[in-house]
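K.L.:
Pasting in a structure now, in structure tokens, and then I'll have a few things to ask.
Only the coordinates and a few stated rules stand behind these numbers; no lab work does. Computed from a prediction, not measured in an experiment: that's the story for all the values here.
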Amino acid sequence: MRSLLEEYLDWSHQLERALGYEVLDPVSVDRDDLSGVAFLGMGGSGIVGDVLAKRLEESLGVPVSVIKSFRLPRYVGGG
């Protein structure tokens with residue numbers, strides 16, 4: 001079992017592997033039903049949201065937000 005320090009030091013390799021996965025196929029998204037995307041998270045989870053938002057914002061063609069708060073903005077709806 002790897003130590004927490006080993007996992008931390010290997011973070012860049014983990015990120016490279018993760019970026020190689022196809023997270024969302026923008027072609028398969030029904031754009032008529034999509035008005036925006038919001039990733040919610042703080043700390044490490046918020047960083048993941050930043051990475052995903054950057055990768056998807058141009059290909060989706062809709063606003064992509066990363067929210068790092070305990071409260072949702074009013075523009076994030078329940079659908």
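K.L.:
For region 39-79, what does the alpha-carbon gyration tensor say about shape, rounded, prolate or oblate, given a ≥ b ≥ c as the root eigenvalues, a/c under 1.5 as rounded, and a/b over b/c as prolate? Working shown, then result.
P.N.:
Working: a/c = 2.95, a/b = 1.09, b/c = 2.69.
Oblate, since a/c reaches 1.5 and b/c is not below a/b.
K.L.:
Next question, about the same structure. With θ set to phi - 60° and the Karplus curve 6.51 cos²θ - 1.76 cosθ + 1.60, what are the ³J(HN,Hα) couplings of region 36-46 in order, to the nearest whole Hz, using x for Gly and Pro?
P.N.:
Values per residue, Gly and Pro as x: x, 10, 10, 9, 10, x, 10, x, x, 5, x Hz.
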